[in-house]
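A short reminder: the numbers here are calculations on the coordinates, not readings from a lab. Quantities reported herein were computed from a predicted structural model and do not represent experimental measurements. All Cβ positions, even for glycine, are placed from backbone atoms using ideal geometry, and neighbour counts span all protein chains on display.
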Amino acid sequence: GWTTSSIVDEQVAAVAAQIGDGRAICGLSGGVDSAVAAALVQRAIGDRLTCVFVDHGLLRSGERTQVERDFVAATGVNLVTVDARERFLNALAGVTDPEQKRKIIGREFIRVFEQAERDLKAQGDYRFLVQGTLYPDVVESGGGEGTANIKSHHNVGGLPDDLQFELVEPLRLLFKDEVRRVGLELGLPATIVQRQPFPGPGLGIRIIGEVTADRLETLREADAIAREELTAAGLDQEIWQCPVVLLADVRSVGVQGDGRTYGHPIVLRPVSSEDAMTADWTRLPYEVLERISTRITNEVSEVNRVVLDVTSKPPGTIEWE
Ligand code: XMP
């Protein structure tokens with residue numbers, strides 16, 4: 001049987017053999033797969049690996065720090081962060097259609113990432129591109145899964161056509177649980193390795209309506225509160241993920257202190273799932289829901305109502321867009 005440390009040894013040796021004395025680039029998404037792939041390659045080739053992290057401004061609170069501080073502290077990896085927040089906001093201005101948002105975010109991401117790759121290539125002979133492809137991804141892209149077309153999933157770090165790289169995919173024989181074990185074995189913190197899924201288009205598809213800087217800030221605050229309370233209640237392992245959604249185009253009347261309010265609702269979407277293909281809504285304890293609701297309505301201006309999504313998948317998808 002394969003032990004985790006034998007998987008690590010084997011993959012490190014394979015990567016070292018493939019790359020030789022060459023250099024590699026790896027796009028970090030903030031997710032588990034790209035982080036573990038990067039850590040593995042870093043173990044094999046050290047500072048001949050450079051990681052690129054694109055901050056598209058659609059990240060949750062603390063995510064950039066997690067990459068810039070925690071991931072770097074754990075691995076010592078070379079990291080280039082590209083601040084593309086303005087660019088994404090400009091590209092998304094006036095856009096409300098979910099598929100159009102996804103296309104724009106995907107397109108801008110590729111452009112920014114390509115530019116970062118070109119900049120790096122100009123500095124050195126970067127011939128290899130690391131991708132955190134897992135075994136299920138390999139299988140899925142081979143067989144045309146019907147559900148794959150429901151939303152145009154773009155995978156952060158996708159390979160642009162016109163750039164010549166040799167791919168390094170050290171996780172392509174592994175399942176998710178194995179990837180997490182490999183990550184822990186490589187010394188990555190649990191906050192990175194046990195991370196719940198988060199979509200590449202980020203908070204951009206959790207604002208129903210146009211994406212603006214103010215709305216992102218509102219959603220970021222509400223999301224941080226929900227995550228904080230779910231973690232404090234010890235529910236992180238039980239929940240597959242809990243999208244927090246801002247209904248930016250909806251307003252309702254409320255009352256706070258002596259005054260009438262006219263604010264936006266926040267939707268909590270806690271789901272339980274094995275593989276995200278189907279999901280059930282998670283029966284969260286009322287006390288936890290109460291704390292999240294009280295805190296969000298007290299602490300986040302613009303939000304005067306918190307509602308719970310009690311729809312399974314199907315018919316609802318996990319994300320709202
Ligand atoms: P849905 O909403 O289709 O989501 O039920 C299923 C799972 O996929 C995640 N998701 C994405 N992940 N890029 C990603 O990397 C995307 O564009 C994307 N859209 C949805 C979602 O968070 C859930 O875990």
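A few remarks follow.
- Annotation: the antiparallel percentage among DSSP beta bridges lying fully within the chain is about 30.
- Region 86-91 - phi-based ³J(HN,Hα) in whole Hz, Karplus 6.51/-1.76/1.60, Gly and Pro as x: 4, 4, 5, 4, 4, 5
- Modelled FRET efficiency - R0 41 Å, Leu173 with Ser252, Cβ distances, 0.05 increments: 0.20
- Average Cα contact separation per residue, the chain, under 8 Å, 6 or more apart, as relative contact order %: 18 percent
- For the chain, the 222 nm mean residue ellipticity estimated from helices alone, with every DSSP H stretch of n ≥ 4 adding -39500 (n - 2.57) and the total spread over all residues, rounds to -12000 deg cm²/dmol.
- Gaussian network model of the chain, Cα within-10 Å springs - most flexible of Ala74, Ala226, Ala35: Ala74
- Positive-pole candidate from Phe175, Ser312, Val112, dipole of the chain, charges at beta carbon: Val112
- Whole-Hz Karplus values for region 253-265 come out as 7, x, 9, 9, x, 9, x, 7, 10, 9, x, 9, x Hz, taken residue by residue from phi with 6.51 cos²θ - 1.76 cosθ + 1.60 and θ = phi - 60°; glycine and proline positions read x.
- Applying 0.36 nm per residue to the separation of Ala276 and Asp236 and subtracting their alpha-carbon distance, the gain on full extension is 12.8 nm.
- Counting only DSSP beta bridges whose two residues both lie in region 206-308, roughly 60 percent are antiparallel.
- The amide H of Gln241, built 1.01 Å from its N in the peptide plane, has Val271 as neighbours under 5 Å, considering only residues 5 or more places off or on other chains.
- Residues whose amide H lies under 5 Å from that of Val307, counting only those 5 or more places away or on a different chain, are Ile266, Val267, Leu268; hydrogens are built 1.01 Å from N in the peptide plane.
- Here the dipole of the chain is about 340 debye; that uses its Cα centre as origin and unit charges on the Cβ of Lys and Arg (positive) and Asp and Glu (negative).
- Under a 5 Å amide H cut-off, with hydrogens placed 1.01 Å from N, Gly263 pairs with Ser252, Gly254, Asn304 among residues at least 5 apart or on other chains.
- Applying 0.36 nm per residue to the separation of Asn298 and Glu99 and subtracting their alpha-carbon distance, the gain on full extension is 68.3 nm.
- Contact order for region 4-193, expressed relative to its length and based on alpha carbon pairs under 8 Å spaced 6+ residues apart, stands at 33 percent.
- Under Karplus coefficients 6.51, -1.76 and 1.60, residue-wise ³J(HN,Hα) of region 182-191 in Hz, glycine/proline x: 4, x, 5, 4, 7, x, 6, x, 4, 4
- What separates the Cα centres of region 7-48 and region 64-130 is a distance of 19 Å.
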